[in-house]
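Enquirer: Have a look at this one before I ask anything.
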Amino acid sequence: MTRQGIAENLERVQARIADAAARAGRNPADVCLVAVSKTHGMDAIQAAYAAGVRHFGENRVAEAAGKVAAARERLSGDVMWHMVGHIQSRKAADAAPLFEWVHSIDRPKIARRLDGSLGEIGRTVNGLIEVNLSGEESKYGFDLSRWPEEPSPFEALCKAIDGLRDLAALRLVGVMTMAPYVEDPEVVRPIFRRMRALREALQERYPQEPWPHLSMGMSGDYEVAVEEGATMVRVGTAIFGRREG
Ligand SMILES: *Cc1c(COP(=O)(O)O)cnc(C)c1O
């Protein structure tokens with residue numbers, strides 16, 4: 001993808017987010033576009049930066065480490081890095097200095113590990129709890145596939161959250177999901193609606209703590225996600241083109 005191509009793609013994605021927000025009576029400024037740059041090199045990241053992107057997403061700690069270091073050298077300091085992929089427990093310490101946001105808090109253990117590592121280096125990070133609403137086995141996250149038909153998965157999630165209330169450096173501020181890949185994004189609209197209901201249920205359960213963020217929507221379905229209330233969309237292919245491998 002050329003620099004020009006990335007700039008054009010970005011403009012199209014931003015326009016579609018604005019249109020989707022308008023259809024839902026929302027302010028497009030309330031939707032953070034995270035450009036998922038995984039597998040793409042620094043040239044692509046610099047092109048997106050030049051076109052105005054400030055939030056980048058990565059899904060592997062080791063790959064992100066190189067890019068974060070390069071960006072700190074080559075770009076001015078206003079870039080925010082978002083971890084969107086599963087983090088192995090033994091990689092928590094490596095992840096701690098890299099990201100401002102971690103969307104993939106998919107089990108209590110990683111929350112604790114990250115919080116401990118963040119505390120050691122004196123950083124605070126925003127965390128989103130990853131949930132699996134579709135029941136697809138390939139997906140990480142707390143299993144809420146039977147919710148809301150059954151209350152027990154929500155109770156199990158709250159129990160996990162209760163066990164994490166003493167975290168000091170990892171601030172839990174929302175929920176994230178990956179919808180199944182489908183041709184027609186209308187098919188996953190009910191999943192995004194359930195995410196919004198989940199955020200409301202959490203807000204009701206924990207009225208003292210804000211749960212403002214809904215991270216949902218990727219290249220194939222971000223417009224529907226914005227219509228249904230996404231505050232963060234994670235878009236890779238529609239900005240950077242196809243990934244290799
Ligand atoms: C790769 C990835 C994305 C972006 O996917 P695209 O379909 O390329 O937009 C979003 N979220 C997560 C968790 C990812 O791993």
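Enquirer: Please report the net charge: other residues with Cβ closer than 15 Å to the Cβ of Val224, K and R +1, D and E -1.
Expert: Values: positive: Arg16, Arg23, Arg26, Arg189, Arg193, Arg194, Arg196, Arg234; negative: Asp19, Glu183, Asp184, Glu186, Asp221, Glu223, Glu227, Glu228.
Once positives and negatives cancel, what remains is 0.
Enquirer: Hey, what does the equivalent ellipsoid look like for the stretch 7-56, semi-axes from the Cα gyration tensor as sqrt of 5 times each eigenvalue, largest first, whole Å? Let's see the in-between values first.
Expert: Details: eigenvalues 110, 20, 14 Å².
Computed over the stretch 7-56, the values are 23, 10, 8 Å.
Enquirer: Still on this model: Which net charge results for the neighbourhood of Gly57, defined as the other residues with beta-carbon distances under 9 angstrom from its beta-carbon, given Lys and Arg at +1 and Asp and Glu at -1?
Expert: Details: positive: Lys38, Arg234; negative: Glu58.
Taking every Cβ under 9 Å from that of Gly57, the sum is +1.
Enquirer: In addition: Please state, rounded to one decimal and in Å, the Kirkwood hydrodynamic radius that the chain gives when every pair of distinct Cα atoms enters the mean of 1/r.
Expert: Working: mean 1/r = 0.0547 Å⁻¹.
After inverting the pairwise mean of 1/r, the radius is 18.3 Å.
Enquirer: Within the stretch 209-245, report the GluC sites (Glu not before Pro) that DSSP leaves as loop and that have at most 10 other Cβ atoms within 10 Å.
Expert: On the way: sites: Glu223, Glu227, Glu228, Glu244; in loops: Glu228, Glu244.
Answer in residue order: Glu244.
Enquirer: Follow-up question, since we're still on this one. Can you tell me the order of 94-100, 205-211, 11-17 when each peptide is scored by its average per-residue count of other Cβ atoms within 10 angstrom, highest first? Let's see the in-between values first.
Expert: On the way: 94-100: 19.3, 205-211: 13.0, 11-17: 15.7.
The most tightly packed comes first, giving 94-100, 11-17, 205-211.
Enquirer: Ratio of the stretch 148-245's C-alpha Rg to 2.2 N^0.38 Å, to two decimals? Display every interim value, and only then the final one.
Expert: Values: Rg = 15.2 Å, N = 98, 2.2 N^0.38 = 12.6 Å.
Normalised by 2.2 N^0.38 Å, the Cα Rg of the stretch 148-245 equals 1.21.
Enquirer: If r is the Cβ-Cβ distance from Glu155 to Glu8 and R0 is 51 Å, what FRET efficiency results, to the nearest 0.05?
Expert: Numbers: r = 47 Å, r/R0 = 0.93.
Once the sixth-power term is evaluated, E becomes 0.60.
Enquirer: Roughly how many percent of the accessible protein surface of the chain is carbon and sulfur, given a 1.4 Å probe and a whole-percent answer? All intermediate terms of the calculation are to be shown ahead of the outcome.
Expert: Numbers: 5580 of 11520 Å².
About 48 percent, which is the carbon plus sulfur part of the accessible surface.
Enquirer: When 1/r is averaged over all different Cα pairs and the result inverted, which Kirkwood radius in Å belongs to the stretch 1-128? Each step should come with its number before you reach the end.
Expert: Values: mean 1/r = 0.0639 Å⁻¹.
Mean inverse Cα-Cα distance, inverted, gives 15.7 Å.
Enquirer: Go through 118-128, 44-54 and give me the packing order, highest mean Cβ count within 10 Å leading. Walk me through the numbers on the way to the answer.
Expert: Values: 118-128: 17.1, 44-54: 18.6.
By packing density, highest mean first, the sequence is 44-54, 118-128.
Enquirer: Give me the 1.4 Å probe accessible area per residue for the stretch 173-245, excluding ligands and nucleic acids, in Å².
Expert: Numbers: 3300 Å² over 73 residues.
Per residue, the stretch 173-245 has 45 Å² of solvent-accessible surface.
Enquirer: Please identify, among Gly141, Gly217, Gly77, the residue showing maximal mean-square fluctuation in a Gaussian network model of the chain using a 10 angstrom Cα cutoff.
Expert: Taking springs between Cα atoms under 10 Å, the residue moving most is Gly77.
Enquirer: Report the number of Lys pairs in the chain whose alpha-carbons are under 17 Å apart, with separation of 8 or more residues or on distinct chains. Let's see the in-between values first.
Expert: Working: Lys38/Lys67; Lys67/Lys91; Lys91/Lys109; Lys109/Lys159.
Lysine pairs satisfying the spacing and distance rule in the chain number 4.
Enquirer: If you count only protein heavy atoms with a 1.4 Å probe, what accessible area per residue comes out for the stretch 71-139, rounded to a whole Å²?
Expert: Accessible area per residue: 44 Å².
Enquirer: Percent relative contact order of the chain, based on C-alpha pairs within less than 8 angstrom and at least six residues apart?
Expert: Values: 438 pairs, mean separation 51.6, N = 245.
RCO, the chain: 21 percent.
The values are calculated or read from the model by the stated rules, or taken from the named source; none is laboratory data. Being a predicted model, the structure only gives us computed values, none of them experimental. Virtual Cβ from ideal backbone geometry, glycine too; neighbours counted across all protein chains shown. Quick note on the areas: whole protein, heavy atoms, side chains included, nothing else; ligands and nucleic acids left out. Shrake-Rupley method; radii C 1.70, N 1.55, O 1.52, S 1.80 Å.
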